[in-house]
Every structure is written in structure tokens, then in C-alpha cells.
Amino acid sequence: MATFISNSMSSMADPFGETAETVRRLESSGTNVIKLIIGDPSRYFKIQENIAEAYTRAVTSGKTFYTEGQGLLLLREAVANRYAGMYAADFSADDVIITQGVVEALDFLNRSLVSKNDRALLMAPFFTQYAPSITINGGMPLIAHYSETKNWGITYEDLEKTLRGRSRKPKYMLITNPNNPTGSILSEKNLREVIEFAKDNEIFLVSDEIYDEIVYNGVKLASVSKLGEGVPRMILNGASKNYAATGFRLGFSIIPGEDKKSKQLREAFVKLSYSRLSANTPSQYAMVEGLENKQAHKKFIRDMVSKIATRTNLASKIINQTAYLSSIKPSGAFYVLAKINLGLLDIKTDAEFVQKLITEEHVQLTRGSSFGTPGYVRLVSLPPEDVLVEAVRRVERFCKRHRK
């Protein structure tokens, strides 16, 4: 008997929703739950005043119509100018497509490139939406692995091993830099190896750089926008993280280059962008102000990153002081990926760990297996220090209770 819901929906997992019902039940009874699962800086950092004012002006002046599907020209020009200023990258407004967040860009990417049984190369740990976006379109993720012993880096040889013995090349390969969930940043040397691998194997390279301004601890970010010149590539970014504007739902997809693959993908993105009419119009006008007023953003990002660095460094430090968890110190984004010492516990999996933790200690974390890395948990390090300290205290108490 045919099912009403498409079979492809079986690939759409929701790791954030797995403990949601338990949280609702606890909170309805008055229990304080520490929720460290959603990377939403807007809940902790107020959007820049000049951007909020620009949004209001757009609404009150009647800018509530559809823009062209590809996005407001003023915004696409501002995005291209940002990359020229930050990375000396030579992009035009025609290279830029405005999407409803990076998640829609992932949907466009896979609808454009992936047919049944096609492969796409991911590197674990990876953002939770990468794999489902491939499988719902009939494709299959091919997984390489960042190495924790290499500060979550990956080498040319690591990637080569993943492809060895395979007759069909992946349609594309996707990196996240800075990484979610590890908070790690690929060194320039490491990134050059990834780019060289993509070039040598003629694989289209996608670089998700949504956290590219949230970098700290003395580390510098190298971008595929500049280092990847001459290689067919796409860069993903947006308003959500660097501008603490997650609800604006604005992503920047940049597909430069006049090679055949880049031109075809750019054309496909433009077609898909018109199929859903346009991204949020007032948000687009507001982000023109956000990108063009560099002085206001410089102050905002400096203050936000300073607080994020303090909180993330603290979370990593106190996690490593326990006997039950360990983590590599992050240098970007606002996450800590902690390895669970399951050998000390009467718990077998990361999924069991997060389920029992929310029930017993009322701390909500995300299981590492949802990022392609079983045996870990991810903690969002955006809340104030006292919340993070209390959360880790509860986690340690939970681990002591479950010690073998």
C-alpha cells in the first residue's frame, strides 16, 4: 500500500527536536532547562541599531514588494564589495544569489546537481543539514573525516583515501570553515591542500563560511573566495551569524568563474530563486545598510566576538577539567564539540547520553552522531559564563552518577 508521505522524508532527521518534547514537559512543570542546542546569536546579542532602523525604514516606506528572485541588486553589489574589501576577491553582483539563509542555498545546490545515486563528498563532523539535503534528492553522502589529532584538520591524502577505488566522482565537495560543530579553522596550508584536491580531481568545491568573522584566539581565516581562484567553486555566507540576524533569513551564495560548471550552477540557482519569488525584501534593504556601514559593524563584531571568545574558551576549559569529557579548543564560531569518555560510563551511545541528561539534569545538548561523529556531544557557547559553568557542573554530576 502506497504511503501518503514521500519516502524521501525518511532522510529528514531532526536532532534538535529529539529532546524537545521532554523540554516542553519539564518547562511546563516549572523546571529550569539549560538549552545549549541552537546556534542563534540573536538570542544573546542585539542586532546593530543601524540595521534595525534600516529595516523599519524599508517597511514604512513601502519596500514590502517582491525583489527579483536573484536578490536586490544593491545587496548583491554590497556582498561583492564585502569580499573585495575582506579578501581581495574579484566578484560581481551577477555572481551573487540571495537565498533564504544558507539552508535554502544547500537545497538549491542539491536540487541543481544531485540526481538518484549521485555522490557528494562531505567531511565529518559536518552541519546537520548537509547529509539530509543530499539524500532527499536521491543522492548519497560520501564521508571523509577531519582528524581530531590534527586539530580537526584534513589532508590531501585523507581525501584521496576516501575516493580510492571509486569509479564515479562526487558531484561536489563541501567544507565548513570555521567549522560547525568543532569551532576549528583550517590553516591556510590545509585549505590549500583541499583546494588542490578539488582541482586535481575536477570536483566542484563548496565552502560554507557563514562564521567567517567569528574568529579568535589569534587564528586567521583563509577564504576559498581568494585562495580558490581558478577552481570551480561556490562560497556560502549570510546575515545570520556575523550580524546576529538569524530571523532575517538571508544567505549569500557566490558562484564566481566563467568555467562551464560555475556558469551552469549559477544559472540553475537563478532559476530556482525565481521559483520561490524572492527573499525577504525589508531584510535585504536592511542588510545593504549592514554591509555598507563598515564602522558600525566593526564595533559590533569586535564586541560580540570578544564575548563569544571568552565564553567558548571558558566552556572548553571547564569541559577539559572533567574526567568524562574532552575537547579541542575552538578558534571560531560558538560551539564546543566534546568527546564523551563512554568507557567510564554505563551509557553506550551519545544519543542515550543526551536523552538521559535532559531527563536527569535538565541540560539540552546535541548528539555528535547527528554531525556524523558518534560518541561526542555539541555544546553551544553563546550564553553568559554563569550559565555555561552551571551546565558543565550538571553534566559532570550526571557523569559521576553513571560511572561504572
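Return yes or no: is Lys348 under 24 Å from Glu209 (Cα atoms), surrounded by fewer than 19 Cβ atoms within 10 Å (Cβ to Cβ) and not aromatic (Phe, Trp, Tyr)?
Criteria not met by Lys348.
Considering Asn50, Asn7, which residue is of a type outside the set (D, E, K, R) and over 30 Å from Tyr211 (Cα atoms)?
Asn7
Can you tell me which of Thr22, Thr67 is in contact with a strand residue (DSSP E or B) (Cβ under 9 Å, 6 or more places away or on another chain), assigned to a helix (DSSP H, G or I) and either at pLDDT below 95 or hydroxyl-bearing (Ser, Thr, Tyr) (or both)?
Criteria check complete, one pass: Thr22.
All but one of (1) outside any helix (DSSP H, G or I); (2) in contact with a Ser or Thr (Cβ under 6 Å, 6 or more places away or on another chain) hold for Val377; which doesn't?
Checking Val377 against (1) outside any helix (DSSP H, G or I); (2) in contact with a Ser or Thr (Cβ under 6 Å, 6 or more places away or on another chain), the one that fails is (2).
Need the failing condition index for Pro330 against (1) assigned to a helix (DSSP H, G or I); (2) touching a residue at least 60 places away in the same chain (Cβ under 8 Å), just the number.
Exception for Pro330: condition (1).
Which one of these is in contact (Cβ under 8 Å) with a residue 24 or more places away in the chain, closer than 24 Å to Arg302 by Cβ and open to solvent by less than 20 Å² (accessible area, probe 1.4 Å): Tyr83, Tyr55?
Exactly one residue qualifies, and that residue is Tyr83.
Starting from segment 284-302, keep only residues that are of a type in the set (Lys, Arg), then list their pairs with residues that are open to solvent by 30 Å² or more (accessible area, probe 1.4 Å) whose Cβ atoms are within a distance under 9 Å, requiring at least 6 positions of separation or different chains.
Lys294/Gly85
Only one of these conditions is not met by Phe4: (1) of a type outside the set (S, T, N, Q); (2) over 22 Å from Thr246 (Cβ atoms); (3) part of a loop (DSSP other than H, G, I, E, B); (4) touching a residue at least 60 places away in the same chain (Cβ under 8 Å). Which number is it?
Going through the list (1) of a type outside the set (S, T, N, Q); (2) over 22 Å from Thr246 (Cβ atoms); (3) part of a loop (DSSP other than H, G, I, E, B); (4) touching a residue at least 60 places away in the same chain (Cβ under 8 Å), Phe4 breaks only (4).
Report every pair of residues separated by at least 6 positions or lying on different chains whose Cβ atoms are under 6 Å apart, first residue within segment 158-187 and on the phi > 0 side of the Ramachandran plot and of a type in the set (Gly, Ala, Ser), second part of a loop (DSSP other than H, G, I, E, B) and open to solvent by less than 10 Å² (accessible area, probe 1.4 Å).
Gly183/Pro330; Gly183/Ala333
Go through segment 334-345 and report how many residues are over 23 Å from Val33 (Cα atoms) and buried (at least 24 other Cβ atoms within 10 Å of the Cβ).
Number of matching residues: 0.
Go through (1) on the phi < 0 side of the Ramachandran plot; (2) buried (at least 21 other Cβ atoms within 10 Å of the Cβ) for Ser29 and report which single condition fails.
With (1) on the phi < 0 side of the Ramachandran plot; (2) buried (at least 21 other Cβ atoms within 10 Å of the Cβ) applied to Ser29, the lone miss is (2).
Of the numbered conditions (1) open to solvent by less than 40 Å² (accessible area, probe 1.4 Å); (2) over 26 Å from Val270 (Cα atoms); (3) not in a loop (DSSP other than H, G, I, E, B), Phe45 fails exactly one; give the number of that condition.
Phe45 satisfies every listed condition except (3).
So how many residues does segment 187-227 have that are within 18 Å of Thr312 (Cα to Cα) and of a type outside the set (S, T, N, Q)?
Residues in segment 187-227 being within 18 Å of Thr312 (Cα to Cα) and of a type outside the set (S, T, N, Q): 11 in total.
State the number of residues belonging to segment 88-112 that are within 20 Å of the chain's Cα centre (by Cα), surrounded by 19 or more Cβ atoms within 10 Å (Cβ to Cβ) and assigned to a helix (DSSP H, G or I).
Residues flagged as within 20 Å of the chain's Cα centre (by Cα), surrounded by 19 or more Cβ atoms within 10 Å (Cβ to Cβ) and assigned to a helix (DSSP H, G or I) within segment 88-112 amount to 9.
Taking Glu385, is it over 24 Å from the mean Cα position of the chain (by Cα) and surrounded by fewer than 18 Cβ atoms within 10 Å (Cβ to Cβ)?
Judged against the criteria, Glu385 is not a match.
Sort through Lys35, Lys116 and tell me the only one that's in contact (Cβ under 8 Å) with a residue 24 or more places away in the chain, basic (Lys, Arg) and open to solvent by 70 Å² or more (accessible area, probe 1.4 Å).
Numbers: Lys116 fails: in contact (Cβ under 8 Å) with a residue 24 or more places away in the chain.
Of the residues listed, the single one that is in contact (Cβ under 8 Å) with a residue 24 or more places away in the chain, basic (Lys, Arg) and open to solvent by 70 Å² or more (accessible area, probe 1.4 Å) is Lys35.
Can you tell me how many residues in segment 252-267 are modelled with pLDDT of 95 or more, over 11 Å from Gln70 (Cα atoms) and small (Gly, Ala, Ser)?
Selection size over segment 252-267: 1.
Looking at Gly62 and the list (1) among the small types (Gly, Ala, Ser); (2) at pLDDT 95 or above; (3) within 26 Å of the chain's Cα centre (by Cα), which single condition is not satisfied?
(3)
Criterion first (open to solvent by less than 40 Å² (accessible area, probe 1.4 Å), farther than 30 Å from Ala222 by Cβ and assigned to a helix (DSSP H, G or I)) does Leu357 satisfy it?
yes
Quick check, is Phe126 in contact (Cβ under 8 Å) with a residue 40 or more places away in the chain, open to solvent by less than 10 Å² (accessible area, probe 1.4 Å) and either closer than 28 Å to Ile38 by Cβ or not in a loop (DSSP other than H, G, I, E, B) (or both)? Explain how you work it out, then say what you get.
Numbers: in contact (Cβ under 8 Å) with a residue 40 or more places away in the chain: yes; open to solvent by less than 10 Å² (accessible area, probe 1.4 Å): no; either closer than 28 Å to Ile38 by Cβ or not in a loop (DSSP other than H, G, I, E, B) (or both): yes.
Considered against the rule, which asks whether it is in contact (Cβ under 8 Å) with a residue 40 or more places away in the chain, open to solvent by less than 10 Å² (accessible area, probe 1.4 Å) and either closer than 28 Å to Ile38 by Cβ or not in a loop (DSSP other than H, G, I, E, B) (or both), Phe126 comes out as no.
The values are calculated or read from the model by the stated rules, or taken from the named source; none is laboratory data. Predicted model only: the values in this text are computed from it and were never measured. All Cβ positions, even for glycine, are placed from backbone atoms using ideal geometry, and neighbour counts span all protein chains on display. The accessibility values were calculated without ligands, DNA or RNA, using every heavy atom of the protein model including side chains. Shrake-Rupley method; radii C 1.70, N 1.55, O 1.52, S 1.80 Å.
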